[in-house]
Amino acid sequence: MTPRFTPLALALALLPLHLSALEVAQDAAPVNKMVTDTQTRDQVFGNWMFGGEFARQSFNGFNPDYRLTIGDRVQVQIWGGVEFNQSLTIDQQGNIFLPKVGPIKVAGTRNDQLNSTLAQALGQVYQQNVSIYASLDVSQPVKVFVTGFVKQPGLYAGQSGDSILYFLDKAGGILPERGSYLDVTLKRGGKALKHYNLYQFLLSGTLLPTQLRDGDVVVVSPLRYQATVRGKVANANKFESTTPHVPLSELLAMARPDPDATHVRVSRNQGDSIHIDSFALTDSSKLARTMVSSGDTVEVIADKRYASIAVRVEGEHQSDQEIVLNYGARLGDILNGLRLTPDADISAIQLYRKSVKLRQKEMLNSSLQALEASILTARSSSEGEASLRKNEADLLMQWVARAKDIQPNGQVVLANAPNMEDIRLEPDDVIRIPRKTNLVMVHGDVLFPNAILIDQRRTVADYIELAGGFTQKASNSRILLLHRDGTFSQVEKGELNDKEIKVKPGDEIFVLPQVETKSLQITKDFTSVLYQIAVSAGVLVAL
């Protein structure tokens, strides 16, 4: 019988087999990949605005706060002693002209006061039996030019009551890395009529009302200055500013740090070197005085240490399952206070840890990458072999895709540890006290995977026979004996009937398939991955 191995020992033994493939992959990567990722992973603040939602709906509603201006059209109806129904345009002096009344100044009048303003002017001429109704013609079709740093400059049709967001969305939105969200201008007759800051709309919903006309031009100015905010914030984005330097407090107000954030780090990318400053988020006066320059990177972090940890204890005990301990607590601090049930098997105590699970997953992914490299780089000596190899490669790549979804269990091996109680616990550790059992699980590449009653007289071969025997030749199978404490043994072909190999209650006999491929390297890598999955996750992924 071969010696017992822990999952960590097996993983360390397998790791050198895959280093060469990883080095090749790293050497083949573009030299500037890190720079490219750094530049593109940060989304520009506001870039999500223009996805077509504004362009889908035209606005024809009534805006009571809108103030009439030159060129607006007013629908006027007069009835009674005088009949009149006409659409009038506000002229260059800001007036509309009513027959027998004369010019009435309406430019600057609020939309909700238009009717009363005209009624008052009409009442000075007609004392009785004449009524008036007036409304702003907000449904007038217009065509507006959209240009500057937008994705698709052009002439777009809409309604006079539509906002500039409608026309910007029609033009595909602002170019994220080139256009300005702070300087969007509405021009009329070659002159700037209004300036828009879209950050005000994004952060507070403020947007200046506008009545558009035919021939108006919406211009998106070029991006001027930009700084990046990352880390523990609600808005991790690149933020634009109109000046080359902006107070750090102003930038953080837009980024909105998370409640658990404690510090902010500013990386100043100026000249030929990078300087880093760090500040506490509680120092508001310093944040207001500190200026962030264009090109700088701000990272918000939570600089905290554990004062206490929470550990979960599952299985056969009558104590609390969630236990809070001081940081630095040991396994013995929990075990000494547990009230075990009569069925508890304390000799097979199990410890599951997130950091171990992550490390097992990393090493499994490394092995899968090496297997992929072996599959994709295997060569064929003939056309017929190439066809067979392609079918084999397709099947193996499908298996690799399924294997990538496997999650290791993160078990820490505690078997035969002389100082087990001195193991330092980590946050979110799970301690499991198994129940005593008299069963042995047999699964994997057998006909009838099953739980079988323990019998000290039985050999490994006996248990496999009770599970229906091998699905393939015994000489082609590999057998692992997995123990509850996390250790395992490999049972060789000649040891299947060895009565010296003791199968303990709760053990698992895991029969791995022997897969033969056209390439010795592929077979070797595939077998290594099978071992890792079986030991770290306790499952078999069928080919």
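Since every read-out is calculated from the coordinates, none of them should be taken as a lab result. The structure displayed is predicted, hence computed values, not measured ones. Every residue, glycine as well, gets a Cβ built from its backbone with ideal geometry; the counts of neighbours run over all protein chains shown.
See the values below:
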quantity	calculated
Exceeding the 32 Å Cα-Cα cut-off - candidates LYS100/LYS143; LYS105/LYS143; LYS232/LYS357	LYS100/LYS143
Environment charge at SER249 (Cβ cut-off 13 Å; Lys +1, Arg +1, Asp -1, Glu -1)	+1
Within-14-Å neighbourhood charge of THR437 [Cβ basis; K, R +1; D, E -1]	-2
Spin-label model distance (nm) - ILE274 vs ASP428, 7 Å beyond Cα toward Cβ	2.7
Computed FRET value (nearest 0.05) for ASP394 with THR206, which takes r as the C-beta separation and R₀ as 45 Å	0.20
ALA253-VAL324 FRET efficiency (beta carbon distance; Förster radius 41 Å; 0.05 resolution)	0.70
Burial ranking of peptide ranges 214-220, 82-88 (average Cβ count within 10 Å, highest at the top)	214-220, 82-88
Length added when fully stretched, ALA119-THR243, from 0.36 nm per residue minus Cα-Cα	39.7 nm
Projected label distance in nm at ALA234 and SER87, using a 7 Å step from Cα toward the beta-carbon	4.3
Proximal lysines to LYS504, defined as alpha-carbon separation beneath 21 angstrom and excluding residues fewer than eight positions away on the same chain	LYS436, LYS493
GLU492 versus ASN438: modelled label distance in nm, points set 7 Å from Cα along the beta carbon direction	3.5
At R0 = 35 Å, FRET efficiency that the Cβ-Cβ distance of LYS151 and ILE70 yields, to 0.05	0.65
Radius 9 Å from Cβ of ALA55, net charge of other residues (Lys, Arg +1; Asp, Glu -1)	0
Peptides ranked, highest mean first, by Cβ atoms within 10 Å: ranges 229-237, 252-260, 318-326	229-237, 252-260, 318-326
